[in-house]
Amino acid sequence: MTLLETRSAPRGRSRGLARRLRQLGLLGISQVGLTLIAFVTQVLLARSLDQAQFGAFMSVLSLMTLAGPVALFGIAEFWLQRFGREGPRAVRWVRPSIALVLACSGLQIAVMVTWALLDGGDQTLSGLRILLAPVILAQAGMALSVSVLQLRGAYGPLSVLQLVPHAGRLLVAVLTVVAGLSALAAATGYGLVAAVTVVLSAVVIAPFARGRGPLEGYPSGDMRPGRPPRLRHLLGGAAPFMLGSLFYLLGMNLGVVVSAEFLSARAAAVFAVPMTLLTAIYLLPRVVYQQYFLAKLHRWSRSDREAVLIAYRAGTVGMIALGLLIGVIVAVGGRYAIPLLFGAAYHESVPVMALLALAIPLRFGSASVASLLTSGGLLRKKVLYQGLGSVVFLGTLALAIPPFGVVGAALATVLSEAILLVLFWSSVKRNVVAEAPLPSWAEIRRRLTKG
């Protein structure tokens, strides 16, 4: 190696590390913004609406969130998989996928509106279901847009785009406080924000659907679509991703919905407050693995065994350690922060938050190892484990809520997270790592600083 090559190698490694840190930094800044905006939005709504209205609003919003995976049908993650395996040829899946998402979203919205019109019970709940129905399509559009920008390596636009709907919701919350609006008025604002989100998503997706623009990791130039896939192949390939997303969101939203249905709207509000914070915190591992590493992991699983082993060792240790730190901060700080931010009426949420803090390191660890199942050809195993976790969650909710109320819902959440981590980790050690020697920390540092 010449002297020039010796000097240029460290510079190349430094540039490679700097690029990765810059990309993660953009997503990190976006994550911080999303977390703060989402949290402040819920604080403002909780303080401006009475507990019954806030509980009803959050239970319907949670229901729309649960409808999202069926509307999206796993297409966002499916795109990452297909482009990771096929490269630019995978553009042949895009248009049929978009048609499927539009059909599923339209069906979900029609079901929600019909349910609201036929429900002769609580008129507030019926109105909320109609006004918040556009959120279903907005969620699907945003998920597809994020996947497009991931595949292009456009992390700056991705970070900005994700902030738009949250900023819109914050504006609605501020208007709700200033003008003393009702839950129905706030839902109208959320519906308008959803409509704007759909338009912005269409602007991002349209060129991609026409096969235009570059893909990260491939030579520049327009993509050439091959023969369109059969519908059954599309459904079969995307369904596991849909089920995985549905099972994930069950753990995040079902507790609020069940609390509203079987306890009261006030109980749903008490449980929704700590779950709001938990949902914001859980965005961090999703940004790291769903928005930054997943497309790369799909490529590495086919061509770079060392990178997969590094992701297993460094990623899992790092995520659990970070989760433990955040969990301690949340458990201790929640005792003072919840009554201060949300008001004395939410003092009952404090012990629920302390208990739910146990789930944070469990979820962070699960996100790390589950990404290796998704990218390593073991997606169906991952979905099976998520299904088992959901069954445990549902069963524990049924057993724990009657005697313990919202504390029982928190217990069910922590137990299901622990079971998922054990299932994911054991499967990765058996099927992905197998008997392979793990890289040393020195080797990991060398790889991370490589250009």
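The values are calculated or read from the model by the stated rules, or taken from the named source; none is laboratory data. The structure presented is a predicted model; accordingly, all values stated were derived computationally and were not measured. Positions of Cβ are generated from backbone atoms using ideal geometry, with glycine treated the same way; all protein chains shown enter the neighbour counts. Just so you know, the surface numbers come from the protein's heavy atoms only, side chains and all, with ligands and any DNA or RNA stripped out. Shrake-Rupley method; radii C 1.70, N 1.55, O 1.52, S 1.80 Å.
With every protein chain kept in place and ligands, DNA and RNA left out, what is the accessible area per residue of the range 162-285? Probe 1.4 Å, answer in Å².
Details: 5590 Å² over 124 residues.
Spelled out: the 1.4 Å probe surface of the range 162-285, per residue, equals 45 Å².
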Residue-by-residue Karplus 3J(HN,Hα) for the range 318-332, coefficients 6.51, -1.76, 1.60, Hz, glycine and proline x: x, 5, 5, 4, 5, x, 4, 4, 5, x, 5, 4, 5, 5, 6
J(HN,Hα) series, the range 53-60, from Karplus relation 6.51 cos²θ - 1.76 cosθ + 1.60, nearest Hz, glycine and proline x: 5, 5, x, 5, 4, 5, 5, 6
Gain on full stretching of the segment that runs from residue 210 to residue 36 - 0.36 nm per residue minus C-alpha separation: 59.1 nm
Gain in span if fully extended, residue 335 to residue 347, counting 0.36 nm per residue against the direct Cα distance: 3.5 nm
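Set the Förster radius R0 to 45 Å, insert the Cβ-Cβ distance between residue 86 and residue 325 as r into 1/(1 + (r/R0)^6), and round the FRET efficiency to 0.05. Don't skip to the answer; put the middle values down first.
Numbers: r = 40 Å, r/R0 = 0.88.
Here the calculated transfer efficiency is 0.70.
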Other-chain or far-sequence residues with amide H under 5 Å of residue 405's (modelled H): none
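Please list 251-260, 270-279, 313-322 highest first by mean number of surrounding beta-carbon atoms within 10 Å per residue. Display every interim value, and only then the final one.
Working: 251-260: 23.3, 270-279: 25.9, 313-322: 17.9.
Result, highest mean first: 270-279, 251-260, 313-322.
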